[in-house]
Amino acid sequence: MAPDADQVRTTLWWLVTTFVLVVRLLATIATVLLTIFWVIAAVRDSFGNVFLWPAVGSAVALLVSTYLYSHLRARYPRRNGWIP
């Protein structure tokens, strides 16, 4: 038996959403830590230190993953009515 289109779509949505949520979690942790390290290094040395661009990059990754997750949730909402 071949899986029907709804099962395939649900599985693909689940995989993409899981990946986006993992990226979002890691980007959140990285943004917090890199921003703290950047502030500490900025107080000790200068604003343009080694932590600046990784902090900006992780913040951009957080914004993009949040947008993608909201797009996925709006396009493919849950059917059981419970939305976290």
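The values are calculated or read from the model by the stated rules, or taken from the named source; none is laboratory data. Not measured: the values here are computed from a predicted model. FYI the Cβ positions are ideal-geometry reconstructions off the backbone, even for glycines, and counts take in every protein chain you see.
Determine whether Leu25 is loosely packed, with under 15 Cβ neighbours inside 10 Å and at pLDDT 95 or above. Give the steps one after another, and end with the answer.
Numbers: loosely packed, with under 15 Cβ neighbours inside 10 Å: yes; at pLDDT 95 or above: yes.
Judged against the criteria, Leu25 is a match.
Among the residues of region 32-68, write down those that are polar (S, T, N, Q), surrounded by fewer than 16 Cβ atoms within 10 Å (Cβ to Cβ) and within 20 Å of Thr17 (Cβ to Cβ).
Once the filter is applied, which keeps residues that are polar (S, T, N, Q), surrounded by fewer than 16 Cβ atoms within 10 Å (Cβ to Cβ) and within 20 Å of Thr17 (Cβ to Cβ), region 32-68 yields only Thr66.
Name every residue in region 46-70 that is of a type in the set (A, V, I, L, M), modelled with pLDDT under 95 and part of a helix (DSSP H, G or I), in order of residue number. Show your work before the answer.
Taking region 46-70 and keeping what is of a type in the set (A, V, I, L, M), we get 50, 52, 55-56, 59-64, 68.
Adding the requirement that they be modelled with pLDDT under 95 leaves 50, 52, 68.
Within region 46-70, Leu52, Leu68 qualify.
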